1. Which pairs have Cβ atoms under 8 Å, sit 6 or more apart or on different chains, and link a residue in the stretch 213-229 that is closer than 13 Å to TYR80 by Cβ to one that is at pLDDT below 95 and assigned to a loop (DSSP other than H, G, I, E, B)?
2. Hey, which of the strands (runs of 3 or more DSSP E) in the stretch 165-249, taking only ones fully inside, have at least 2 residues that are farther than 22 Å from LEU142 by Cβ?
3. Taking the residues in the stretch 190-249 that are small (Gly, Ala, Ser) and surrounded by 21 or more Cβ atoms within 10 Å (Cβ to Cβ) as candidates, determine which candidate is nearest to the chain's Cα centre (by Cα).
4. Taking the stretch 113-153 as the region of interest, how many residues are of a type outside the set (Lys, Arg) and within 21 Å of the chain's Cα centre (by Cα)?
5. Identify all residues within the stretch 125-164 that are part of a helix (DSSP H, G or I) and either touching a helix residue (DSSP H, G or I) at 6+ places or on another chain (Cβ under 9 Å) or not charged (D, E, K, R) (or both); write none if there are none.
6. Which members of the stretch 29-62 meet the condition of being part of a helix (DSSP H, G or I), surrounded by fewer than 22 Cβ atoms within 10 Å (Cβ to Cβ) and under 20 Å from the mean Cα position of the chain (by Cα)?
7. Quick one: in the stretch 90-124, of everything that is assigned to a loop (DSSP other than H, G, I, E, B) and of a type in the set (A, V, I, L, M, F, W, C), which residue is farthest from GLY160 (Cα to Cα)?
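The values are calculated or read from the model by the stated rules, or taken from the named source; none is laboratory data. It should be emphasised that the depicted structure is a prediction, and the values quoted were computed from it without experimental measurement. Don't worry about glycine lacking a Cβ; one is built from the backbone with ideal geometry, like all the others, and counts go over all protein chains shown.
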Amino acid sequence: MSDLNKTDLEIENEDYLHVDPLEESYRESIVEAPGIIESIEKHKTALLVIDLQYLDAAPGMGVFADAEKSGVPKEAQEYYFKRLDHVVLPNVRRLQDNFRDLKMEVIHTRIMSITKDGRERSAGHKRLNLHAPPGSKESEFLVEVAPKGDELVINKTASGVFNATNLEYLLRNMGINGLFVCGVYTNECVSTTVRDACDRGFYTTMINDACATVTPQLHNATIETIKDRYARVMTTENAVKEIKELAAT
């Protein structure tokens, strides 16, 4: 059959193909869990900002140093950087400012190797030729959303920060059990981090309009998959409102 939503089996009621039978049970545990509110009220929720650095979030730098060889079509690059400049970076900064004002943790991840030649990088990053040496411009955070003070910075050379670093250990040490997640790319490092955080029992919220990837289709498909399954999905406006209402009391 040409319809990929169908199988070669006869189905009496095809409406079933468009129903998620687990939606309600996941909603109760992921979206409506009472612990979410308590985590925010007690300042046990942190903002986790993923990979907003010159390697992958700046035109003419890092993976976009040679626009034609980047593998990302011109139109996709234009969309990506426009979304970053006009939507994502202002929203991430707004989230950061609110978390900082309430004395809540802001944590940053970035792709950066330990060694100059990156010999300890993950096999995946080696295959992709993805490398940001220590001290390089590519390893620097974008100025608009850079860390302040002694905020935690976690360096990684893999898509998922949990499986490649000691982030979980640090979060447990600080009593953090909730995360608001934003950054790039929606369908890669952000998605992997959100799924891993959920699997590890963290109350996880993904901020839709504070994430970006190279096409709207990839972004929206990721949101659709993650929403109410691995994380709550919220806008920056609603996230800020919730934080102010709960954490300021």
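1. VAL214/VAL72
2. Working: elements: 178-184, 203-212, 232-234.
Per the criteria, 203-212, 232-234.
3. First, pick out the residues of the stretch 190-249 that are small (Gly, Ala, Ser): 191, 197, 201, 210, 212, 221, 231, 239, 247-248.
Adding the requirement that they be surrounded by 21 or more Cβ atoms within 10 Å (Cβ to Cβ) leaves 191, 197, 210, 212, 231, 239.
Working: SER191: 6, ALA197: 11, ALA210: 9, ALA212: 9, ALA231: 11, ALA239: 15 Å.
Out of the qualifying residues, it is SER191.
4. First, the residues of the stretch 113-153 that are of a type outside the set (Lys, Arg): 113-115, 117-118, 120, 122-125, 128-136, 138-147, 149-153.
From what's left, within 21 Å of the chain's Cα centre (by Cα): 113, 122, 124-125, 128, 130-132, 138-147, 151-153.
The number of residues fulfilling the criteria is 21.
5. The initial filter retains those residues of the stretch 125-164 that are part of a helix (DSSP H, G or I), namely 125-128, 137-139, 143-145.
Those that are part of a helix (DSSP H, G or I) and either touching a helix residue (DSSP H, G or I) at 6+ places or on another chain (Cβ under 9 Å) or not charged (D, E, K, R) (or both): HIS125, LEU128, LYS137, GLU138, SER139, VAL143, GLU144, VAL145.
6. Filtering the stretch 29-62 down to residues part of a helix (DSSP H, G or I) leaves 29-31, 34-41, 62.
Filter once more, keeping what is surrounded by fewer than 22 Cβ atoms within 10 Å (Cβ to Cβ): 29-31, 34-38, 41, 62.
Once the filter is applied, which keeps residues that are part of a helix (DSSP H, G or I), surrounded by fewer than 22 Cβ atoms within 10 Å (Cβ to Cβ) and under 20 Å from the mean Cα position of the chain (by Cα), the stretch 29-62 yields ILE30, VAL31, ILE36, GLY62.
7. Taking the stretch 90-124 as the starting set, the residues that turn out to be assigned to a loop (DSSP other than H, G, I, E, B) are 102-105, 112-122.
From what's left, of a type in the set (A, V, I, L, M, F, W, C): 102, 104, 112, 114.
Working: LEU102: 28, MET104: 23, MET112: 13, ILE114: 17 Å.
Among those residues, the one meeting the criterion is LEU102.
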